[in-house]
Every structure is written in C-alpha cells, then in structure tokens.
C-alpha cells in the first residue's frame, strides 16, 4: 500500500515576477525563448505569463529557466497545506444602481 501525504501541495507559478526581476516584457521573453530554440506566439506568451500552465515539457522548462536565469524551484514555488481555490468575487447585480444620484427635482 502506498503511503500518500495527507494534503496535496499547492504550486505557485512565478513567471511574471521573474520576468520583472530581469526587466523583461512579453516580447522580450518571446525573443529570448526563440534564441534558445523555443518558438511561441505572442498570445501563447501572454497565457504563459498570466496563467499557471497545466503541463509543460522538460525542454520548455529548461529553456524558460535559462532565459529567466532562475531555478525550477524559483519558477514553481511549493506551498504545503491544503489546496484552496481562490475566492470568487460576488456577482454584480446589474438591476440595482451602483450609485445614488440626486434627482433633478431634488436639487435646490
């Protein structure tokens, strides 16, 4: 029988922070990745920076940490504890006004 840990690990994707540390914008990152043999479209780079990828190849990981000048552990941070989903914002009630403005007739 396999002994599983009591809680899954939570991972944080730090590409945006590492890019900022190196002074790279999205176009710089795309060009730098291309120089190490990884070709991505601008929209793919935007998703890479904005969202945590569901999967990535070792070749891509190697290229990314080379370009960002970091270790895998700096790019992907591990946090122990229960996995939590981010809180969803409350839905906006489009039927009720957000601000109460005085009526013209109420103005002196």
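Taken along the Cα-to-beta-carbon direction at a fixed 7 Å, the label points for residue 74 and residue 39 span 2.9 nm. When a/c reaches 1.5 or more, the comparison of a/b and b/c decides; with that in mind, is the stretch 8-75 rounded, prolate or oblate per its Cα gyration tensor? Here the stretch 8-75 falls in the rounded category.
Read-outs: derived from the displayed coordinates by stated rules, not from any lab. Please read all numbers here as calculations on a predicted model, not as lab measurements. Quick reminder, even Gly has a Cβ in these numbers, built from the backbone with ideal geometry, and neighbours come from all protein chains shown.
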